[in-house]
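One structure is given below, encoded as structure tokens.
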Amino acid sequence: MSIDLTGRSSLTDALVIATGRSTRHVASLAENLARRLKEWGYGTARIEGLPQGDWVLIDAGDVVVHIFRSEVRAYYDLEGMWSVDEVSHRRRSAEHAGA
């Protein structure tokens, strides 16, 4: 899943949220993505949480990728948090457009 944060965050333009089946799978996905980003010319991404493998964050600048185990993803519910923010953002944008 991807969430567009353009104009809503000074840290990044988008979040990508993915799920791995196990801690090993999460770590493997994160390592592979970091390697690919470097190959594609995006430089070296910052990675947090790799040793634990429950939730790995890859900061690639304009895009931040979160890779979770399914239980951890459900617990933190980033989609829900940002969708609530999306509703507020749309409401504010509509109010400004009508003003």
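Residues with beta-carbon under 12 Å from that of Leu33, excluding Leu33: net charge, scoring Lys, Arg +1 and Asp, Glu -1?
Neighbour charge sum, excluding Leu33 itself: 0.
So what does Met1 come to for accessible area, using a 1.4 Å probe and Å² rounded to 10?
120
I'd like to check one number: the per residue accessible area of region 1-81, probe 1.4 Å, reported in Å² as a whole number. It would help to have the intermediate numbers written out before the result.
Values: 5080 Å² over 81 residues.
With all protein chains present, region 1-81 gives 63 Å² per residue.
For region 21-67, would you read off the P(r) tail past 18 Å as a percentage of all alpha carbon pairs?
On the way: 221 of 1081 pairs.
Beyond 18 Å sits 20 percent of the P(r) for region 21-67.
Which whole-Hz couplings ³J(HN,Hα) result when phi for each residue of region 43-50 is put into the Karplus expression 6.51 cos²θ - 1.76 cosθ + 1.60, θ = phi - 60°, listed in order with x for Gly and Pro?
Per-residue couplings from phi come out as x, 8, 7, 7, 10, 10, x, 4 Hz.
The values are calculated or read from the model by the stated rules, or taken from the named source; none is laboratory data. Being a predicted model, the structure only gives us computed values, none of them experimental. All Cβ positions, even for glycine, are placed from backbone atoms using ideal geometry, and neighbour counts span all protein chains on display. These area figures cover heavy atoms from the full protein model, side chains too; ligands, DNA and RNA do not enter into them. Shrake-Rupley method; radii C 1.70, N 1.55, O 1.52, S 1.80 Å.
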